[in-house]
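To start, the structure under review is shown below, and the notes come after it.
The values are calculated or read from the model by the stated rules, or taken from the named source; none is laboratory data. Here the structure is a predicted model, which means the values were calculated and not measured. Ideal geometry is used to build each Cβ from the backbone, glycine not excepted, and the neighbour counts take in all protein chains shown.
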Amino acid sequence: MGRAFVYVILGGGVAAGYAALEFSKRGVPPGELCIISEEPVPPYERPALSKGFLLPEAPARLPSFHTCVGANEERLTPKWYKEHGIELVLNTRVKSADVRRKTLITATGETISFKILIIATGARALKLEEFGVEGSNAENVCYLRDLNDATRLVEVMQSRMAGNAVVIGGGYIGMECAASLVINGLKVTMVFPEAHCMARLFTPKIAEFYESYYEAKGVRFVKGNVLTSFENDSEGKIKGVILKDGTRLPADLVVVGIGIRPNTELFGGQLTLEKGGIKVNARMQTPSNASIYAIGDVATFPVKLFGSNRRLEHVDSARRSARHAVSAILSPDKTGEFDYLPFFYSRVFALSWQFYGDNVGEVAHFGDFAGGRFGAYWVDKGRLVGSFYEGGNREEYVVIAEATRVRPEVADLDELGRLGLEFAFRF
Ligand code: FAD
């Protein structure tokens, strides 16, 4: 049993959705493109799951956030795929791949062959078990990566209203979930090993602002500590968590956001892996096999601006790498190198920040921290390499992005801090 397509996208997440739209804009004939996804629904804007989806009032529900609404583009519903002759193979896990023979085999035993494969398998949430903690399969422990996870989180949350929630992990999933849990009336404690929240990006000064804001909303922070075990009730549900220093926290609900692992396993030994992802060139094409492309969270690609290969776990990178790969496939002569400025954002409570570039080197903070409109610049080897801003408007974000792309020289860090946004407006 088998089917054959010219183009197959393996994975049905953000990158797949944006790739599909790009294929259709470029006039791919009906019947040539297929998307295979383990999920039961067509591609959607994954960031909605920790934001609008968790709201107590008028929560976002599909079909409202199918791709590509996040980039103010067309919303690709099941009907859209049908009308455009794009085959959606949903609820289907691919269990093996042979890149030389150009075939994929699904869990139901079907062989799907391709001329060109785009790998868009994204990543999965790291489980506590991978760190030696058992019991995270309990009914009231939630992870958050896909629609099923988010649906389950909402159910558990709604059955524990006014209860105690413990959020494990201080990254953006932890921060966004903590905010949503508070908005839903739960009492929230965040636990993470680092000295402050969002340790991979925030400076201590930036983190202090968000932690104070969260504390004012009732969130408690337990920093420099980790979960070591769960305490169960007689039905196997979690009723508490035990931390490394012996602290016990009561828990009616636990949300775990401790990082992700790219889904590369199907290609181990067949394609080159780097930095945990599938290595591709600036056309998003694997160096060893010209018929295979990788996009989104699973791809490690050259970031020209930094002069190094990176694997990014951000929605904007998924969208843009997808479009670039399709352009490279369908218009090879007109497609240059992917020249990407890394961009990452988050929205929590009434706050909203954006970050562009790289957070290495020295930092100059600027703006009004008390008033919630502030930022930071990162300067490495005498040049601006990264910009962060909270509470900005569209124009301000465009301006810091442009300035970061230009990588201007910075002679004086104090002066940069004094100038703040004014510096970015010069470019
Ligand atoms: P994914 O969207 O993860 O899609 C991968 C797809 O592949 C899934 O459908 C999966 O089921 C499928 N798949 C994997 N293996 C197989 C297989 N063997 N067979 C079949 N199908 C398979 N980024 C930001 O910049 N800002 C944010 O605010 C933000 N918020 C987020 C909130 C949440 C809750 C999450 C989970 C992520 C968030 N992100 C955010 C990150 C962003 O969503 C990801 O970077 C983006 O989804 C990556 O797209 P992708 O297509 O590479 O992977």
Task: Answer residue from the stretch 259-303, given it is among the polar types (S, T, N, Q) and within 20 Å of the chain's Cα centre (by Cα) and is farthest from R145 (Cα to Cα) among those - done: T300
TODO: State whether the residues of the stretch 414-426 include one that is at pLDDT 95 or above, surrounded by 15 or more Cβ atoms within 10 Å (Cβ to Cβ), of a type in the set (F, W, Y) and farther than 30 Å from A48 by Cα.
DONE: yes
TODO: Report whether or not P30 is modelled with pLDDT of 95 or more and surrounded by fewer than 20 Cβ atoms within 10 Å (Cβ to Cβ).
DONE: yes
- [ ] Would you confirm whether any residue within the stretch 35-58 is farther than 18 Å from L153 by Cβ, surrounded by 22 or more Cβ atoms within 10 Å (Cβ to Cβ), among the hydrophobic types (A, V, I, L, M, F, W, C) and within 16 Å of the ligand (Cβ to nearest atom)?
- [x] yes
Task: All strands (runs of 3 or more DSSP E) inside the stretch 68-122 with 3 or more residues being more than 15 Å from the ligand (Cβ to nearest atom), touching a helix residue (DSSP H, G or I) at 6+ places or on another chain (Cβ under 9 Å) and among the basic types (K, R) - done: none
TODO: Report yes if some residue within the stretch 79-97 is surrounded by fewer than 17 Cβ atoms within 10 Å (Cβ to Cβ) and touching a His at 6+ places or on another chain (Cβ under 8 Å); otherwise report no.
DONE: no
Task: strands (runs of 3 or more DSSP E) contained in the stretch 168-271 and holding at least 2 residues without any contact (Cβ under 8 Å) to a residue 24 or more places away in the chain - done: 238-243
Task: Residues of the stretch 272-314 satisfying the condition of being in contact (Cβ under 8 Å) with a residue 40 or more places away in the chain and within 19 Å of A125 (Cα to Cα) - done: I278, I295, G296, D297, V298, A299, R311, E313
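Rundown of residues vs (1) touching a Gly at 6+ places or on another chain (Cβ under 6 Å); (2) modelled with pLDDT of 95 or more; (3) closer than 25 Å to R145 by Cβ, yes/no style:
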{"residue": "G218", "(1), (2), (3)": "no, yes, no"}
{"residue": "F221", "(1), (2), (3)": "no, yes, yes"}
{"residue": "V226", "(1), (2), (3)": "no, yes, yes"}
{"residue": "E231", "(1), (2), (3)": "yes, yes, no"}
{"residue": "I242", "(1), (2), (3)": "no, yes, no"}
{"residue": "T247", "(1), (2), (3)": "no, yes, no"}
{"residue": "L253", "(1), (2), (3)": "no, yes, yes"}
{"residue": "G257", "(1), (2), (3)": "yes, yes, yes"}
TODO: Kindly indicate whether A325 is touching a Gly at 6+ places or on another chain (Cβ under 9 Å) and of a type outside the set (S, T, Y).
DONE: no
TODO: Would you be able to tell me the number of residues in the stretch 226-243 that are aromatic (F, W, Y) and on the phi > 0 side of the Ramachandran plot?
DONE: 0
- [ ] Identify the residue in the stretch 337-384 that is in contact (Cβ under 8 Å) with a residue 60 or more places away in the chain, away from the ligand (no atom under 16 Å from the Cβ) and within 18 Å of F423 (Cβ to Cβ) and, among all such residues, is nearest to the chain's Cα centre (by Cα).
- [x] A376
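Could you look through the stretch 143-169, keep only residues that are small (G, A, S) and more than 15 Å from the ligand (Cβ to nearest atom), and pick out the one that is surrounded by the fewest Cβ atoms within 10 Å (Cβ to Cβ)? Please lay out each step first, then the result.
Going residue by residue through the stretch 143-169, those that are small (G, A, S) are 150, 159, 162-163, 165, 169.
Next cut, more than 15 Å from the ligand (Cβ to nearest atom) only: 159, 162-163, 165.
On the way: S159: 12, A162: 9, G163: 17, A165: 27.
Among those residues, the one meeting the criterion is A162.
Every residue, every condition in (1) at pLDDT below 95; (2) under 21 Å from L249 (Cβ atoms); (3) under 22 Å from the mean Cα position of the chain (by Cα), yes or no:
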residue	(1), (2), (3)
T111	no, no, no
L144	no, yes, yes
S159	yes, yes, no
V166	no, yes, yes
M190	no, yes, yes
E194	no, yes, yes
TODO: Could you list all residues from the stretch 151-167 that are in a helix (DSSP H, G or I) and closer than 25 Å to P193 by Cα?
DONE: L153, M157
Task: Cβ pairs under 6 Å, 6+ apart, first in the stretch 9-29 and more than 16 Å from Q285 (Cβ to Cβ) and outside any helix (DSSP H, G or I), second at pLDDT 95 or above and more than 8 Å from the ligand (Cβ to nearest atom) - done: G12/I35; R26/L330
Task: Single residue of S37, S24 found to be at pLDDT 95 or above, more than 26 Å from R145 (Cα to Cα) and touching a strand residue (DSSP E or B) at 6+ places or on another chain (Cβ under 9 Å) - done: S24
TODO: Collect the residues in the stretch 373-397 that are surrounded by 14 or more Cβ atoms within 10 Å (Cβ to Cβ) and not in a strand (DSSP E or B), keeping them in residue-number order.
DONE: G391, G392, E396, Y397
Open item on the list: Anything in the stretch 283-315 that is modelled with pLDDT of 95 or more, of a type in the set (G, A, S) and surrounded by fewer than 18 Cβ atoms within 10 Å (Cβ to Cβ)? List them, or say none.
Closed with: A290, S291, S308
